[in-house]
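The values are calculated or read from the model by the stated rules, or taken from the named source; none is laboratory data. The structure presented is a predicted model; accordingly, all values stated were derived computationally and were not measured. Note that we place each Cβ from the backbone using ideal geometry, even for glycine, and neighbour counts take in every protein chain shown. Areas reflect the complete protein model, heavy atoms only, side chains present, ligands, DNA and RNA absent. Shrake-Rupley method; radii C 1.70, N 1.55, O 1.52, S 1.80 Å.
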Amino acid sequence: MIGFIGLGSQGGPMARRIAEFGHPLMLWARSQASLDPFADTRALYAQSVSDLGAACEHVGICVTEDAGVQAVCGILIPAMKPGGCIAIHSTIHPETCRTLAAQAATQGISLLDAPVSGGGPAASAGTLTMMVGGDADVLETARAVFNCFAGLIVHLGDVGAGQTAKLVNNSLMAANMALAHL
């Protein structure tokens, strides 16, 4: 079972693509309104983050900011079974990912930092760019999920490398936008 947390403008389309590819999917959200767009899918809804963690081998997280990811992982890591994988699709600090990966490893859980670029339209089209940090073998196992919503998946090294690349990408985009407005 694949789990997904963070059903906003980018995460929602990512989760929908997983459901459309026929993968068994379990979702958790703070509000029912975030789950309503999935009523026409076979997705299951978890009552809590820990219920989702206990039921899923792979969990994607696409919530905003470091604190949100840390809060989710603080509940998810103890709930998941050894051998599971957490994929962080949020854009957060590389050190946060390294800390969470170390915590997950104590429970026998792998963690990939796998931020995405392209926004909601690219998520809906399945053409997101994904920058991945983490174990190459874990990435190969996770590709079946990632291929649902990403058109380009680049492995960049150890945990934290994906976030570093995403931050550079965002900085270059901001610089280009500033130059375009001169």
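Among the residues of segment 112-154, how many are in a strand (DSSP E or B), in contact with an Asp or Glu (Cβ under 9 Å, 6 or more places away or on another chain) and open to solvent by 10 Å² or more (accessible area, probe 1.4 Å)?
1
Starting from segment 57-78, keep only residues that are open to solvent by 30 Å² or more (accessible area, probe 1.4 Å), then list their pairs with residues that are among the aliphatic types (A, V, I, L, M) and in a strand (DSSP E or B) whose Cβ atoms are within a distance under 8 Å, requiring at least 6 positions of separation or different chains.
Glu57/Ile2; Val63/Ile5
Only one of Gly11, Gly108, Gly6 is more than 14 Å from the chain's Cα centre (by Cα) and either open to solvent by 20 Å² or more (accessible area, probe 1.4 Å) or at pLDDT 95 or above (or both). Can you tell me which?
Gly108
Please enumerate the residues belonging to segment 85-101 that are open to solvent by less than 40 Å² (accessible area, probe 1.4 Å) and either in contact with a strand residue (DSSP E or B) (Cβ under 7 Å, 6 or more places away or on another chain) or part of a helix (DSSP H, G or I) (or both). Break it down into steps so the answer makes sense when it comes.
Filtering segment 85-101 for residues open to solvent by less than 40 Å² (accessible area, probe 1.4 Å) gives 85-90, 92, 94, 96-97, 100-101.
Result: Cys85, Ile86, Ala87, Ile88, His89, Ser90, Pro94, Thr96, Cys97, Leu100, Ala101.
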